[in-house]
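As structure tokens, the structure follows; a few thoughts come after it.
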Amino acid sequence: MLEAFKNISKIPELWKRILITFGLLAVYRVGSHIPTPGIDAAALAAFFEQAKGSLLGLYDMFVGGGLSNLSVFALGIMPYISASIILQLLTVAVPHLERLSKEGEAGRRKITQYTRYGTVLLSIVQGFGIAIGLEQMAGPTGVSIVITAGWGFRLMTVITLTAGTAFIMWLGEQITEKGIGNGISLIIFAGIVCRGPEAIFNTFRLLSAGEMGIFFILALIIMMVAVVGIIVFVESGQRRIPVQYAKRIVGRKVYGGQQTHLPLKVNTAGVIPPIFASSIIMFPATIANFIPHPWMKMVADALIPGRWAYELLYVAFIVFFCYFYTAVTFNPVDVAENMKKGGGYVPGIRPGKKTAEYIDDVLTKLTFSGAIYVSAVCVLPSIMISYFNVPFYFGGTALLIVVGVALDTAGQIETHLLTRQYEGFMKKGQIARRR
């Protein structure tokens, strides 16, 4: 691996892309500390200290703390993610979008344009909702968060937050085009990872105060390394369905005849299920906190992370969305038809309907395994915090995103190195090149 890092500096183009990526991510982090005007920062910080277990606290984690200080990047890239998911789901239901998705690069550019419009629209709506909500909130001491409420503050907040999200979206596209890795994913990655130093500081503070033992911390580090290793193993895992292509003679040339495979990931749905599940469960809990009623207070207490009702609902929603999102994004019938048109077939399975049924059966069993894996990773933080008093959040959606983005970015760097005949990060890439 050290040799691979040395080889990076020998490729000017790759080195330039990495520097551009770090530079644009630095711009994002600087913008996350520029506050929106008209806010009492102390009252806002005190309010978010109490909202760590709510939907606001979850959202603040994904935007790198930009919401807790209401920076110009307070909305983060989440409106773009929401717009992308909405467009992806509508592609299945709206014939026009389905046709665009099959028109190649031109169709993808059109869908990207629709996604940008949707991002701006969602940013306006969310910015206005945040402005209204802030006017009604107060810190623990009763001090209003907004210094001067009114339409002036609302319009200024909407314009500032929408412009901030549009700028982050542009940063992400520039990273994807001129840097290395997926820009949008790297921005989310940076927002999550920036919480790491705070967690390390709190751990050492508890160690020095005698509240945590050195052996407990060592066991915790070993467990964390093991969990990361398991996530890397599962995220890289595939169920490969063998596909054989029949020989075709066109003129004097023979096409086909080779054997390949159809790769199916263990976690096909990625991090979408836990994000959806968290949002659905946390939304009523967050609303209940603002309604002074005993019954609503009971609902809010039951839906606190770590309680059995929350964890059961969380796992149930994750399993449901794993199947739902996989069904939306992967159609076995289309895959079987395309395979049949290309002269391909699964050995021992008849082409067409039987192949679609076989792929669907394999995918259903694989999705169940992936749902159990995602549920276990996402429930891990609550167990560690509730039963072992771990002073930081480890696991869940954040860890899945961090590991997934790190693997994807490392894979792209690996591709650049191997393309230019340099040794990569992984031994199998080196072995493949030697062969």
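Some observations on this one:
- The fewest-to-most ranking of Ile168, Ile145 by surrounding Cβ atoms within 10 Å reads Ile145, Ile168.
- Between Lys110 and Lys340, the FRET efficiency from the beta-carbon distance, with R0 = 30 Å, is close to 0.55.
- Label-point separation in nm, Met156 to Gln412, each point 7 Å along Cα→Cβ: 3.8
- Counting neighbouring beta carbons within 10 Å and listing from fewest to most, the residues Leu25, Leu19 come out as Leu19, Leu25.
- Net lengthening on full extension, Ala149/Lys6 (0.36 nm per residue, minus Cα-Cα): 45.9 nm
- Segment Asn202..Met224, full-extension length gain: 6.3 nm, with 0.36 nm per residue of separation and the alpha-carbon distance subtracted.
- Linear extension gain, Leu121 paired with Ala376, 0.36 nm per residue minus alpha-carbon span: 88.3 nm
- Simple label model, 7 Å out from Cα along Cβ direction - Phe215 to Ile85, nm: 4.4
- Order of Arg17, Arg240, Arg195 under a 10 Å beta carbon neighbour criterion, fewest first: Arg240, Arg195, Arg17
Rule-based calculations on the coordinates, nothing more; no lab input. None of these values were measured; they are calculated from a predicted model. Cβ atoms come from the backbone with ideal geometry, glycine included; neighbour counts cover every protein chain shown.
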